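What follows is a short report on a single structure.
The values are calculated or read from the model by the stated rules, or taken from the named source; none is laboratory data. What you see is a predicted model, and the numbers here were worked out from it, not measured in a lab. In this analysis, Cβ positions are derived from the backbone assuming ideal geometry, glycine residues included, and neighbour counts consider all displayed protein chains.
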Amino acid sequence: MRTRHCANDDRRARFGVGAGSRHRARIGRERGFAPMSRAGYDASRRPGGHLFVGTPDEVAARILALHDVFGMDRFGLQSALGTMPHDAVLRSIELFGTKVAPIVRDEVARRHGTSR
């Protein structure tokens with residue numbers, strides 16, 4: 001599973017996941033690994049990174065890039081429950097279902113010459 005967070009704009013998406021950094025740092029101390037630096041966080045958001053954080057278009061593009069490599073027909077992501085405000089989690093889930101998923105479905109269907 002990979003972490004995902006969608007927001008209407010990139011600033012809100014970055015803030016939403018960043019709000020959980022204290023939680024991740026605490027877990028890291030308990031398990032013996034260093035907290036994620038800002039540079040590490042930014043690298044994790046770039047193509048090839050483990051975070052699917054950004055606008056719906058950015059998150060959809062990341063999923064489609066993985067689809068190009070692996071050809072998967074299912075994709076699971078998790079939300080950072082408990083580390084973000086509840087309304088931000090709900091909005092992220094809503095955007096994933098109403099914006100990201102349709103973009104991905106339509107583009108995969110277009111690439112394969114099929115209809116949804």
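Can you tell me which residues in the stretch 43-64 are more than 19 Å from residue 95 (Cβ to Cβ) and surrounded by 12 or more Cβ atoms within 10 Å (Cβ to Cβ)?
Of the residues in the stretch 43-64, the ones more than 19 Å from residue 95 (Cβ to Cβ) are 43-44, 46-50.
Of everything in the stretch 43-64, those that are more than 19 Å from residue 95 (Cβ to Cβ) and surrounded by 12 or more Cβ atoms within 10 Å (Cβ to Cβ) turn out to be 43, 44, 49.
Within the stretch 28-39, residues that are without any contact (Cβ under 8 Å) to a residue 12 or more places away in the chain have Cβ atoms under 7 Å from residues that are surrounded by 10 or more Cβ atoms within 10 Å (Cβ to Cβ) and in a loop (DSSP other than H, G, I, E, B) in these pairs: 28/35, counting only partners at least 6 apart in sequence or on another chain. The set of residues in the stretch 78-116 being touching a His at 6+ places or on another chain (Cβ under 9 Å) and not in a helix (DSSP H, G or I) consists of 79, 80, 82, 83, 84.
Residues that are surrounded by 10 or more Cβ atoms within 10 Å (Cβ to Cβ) and within 25 Å of residue 108 (Cβ to Cβ) do not occur anywhere in the stretch 28-41. Contact map, the stretch 97-116: residues that are over 12 Å from residue 60 (Cβ atoms) paired with residues that are of a type in the set (Ser, Thr, Tyr), Cβ distance under 9 Å, separation 6+ or inter-chain. Pairs shown: 109/115. A single entry from 53, 59 fulfils the requirement of being part of a strand (DSSP E or B) and not polar (S, T, N, Q): 53.
Among the residues making up the stretch 4-54, those that are within 15 Å of residue 77 (Cβ to Cβ), of a type outside the set (Lys, Arg) and at pLDDT 80 or above are 44, 49, 50, 51, 52, 53, 54. Within the stretch 42-72, the residues that satisfy the criterion of being free of Cβ contacts under 8 Å to residues at least 24 places away in the same chain and closer than 16 Å to residue 108 by Cβ are 61, 62, 65, 66, 68, 69, 70, 71, 72.
Residue-by-condition table, conditions (1) surrounded by fewer than 16 Cβ atoms within 10 Å (Cβ to Cβ); (2) over 19 Å from residue 54 (Cβ atoms):
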position	(1), (2)
73	yes, yes
76	yes, no
79	no, no
85	yes, no
93	yes, no
99	no, no
104	no, no
111	yes, yes
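When we screen 1, 72 for residues that are among the hydrophobic types (A, V, I, L, M, F, W, C) and modelled with pLDDT under 75, the only hit is 1.
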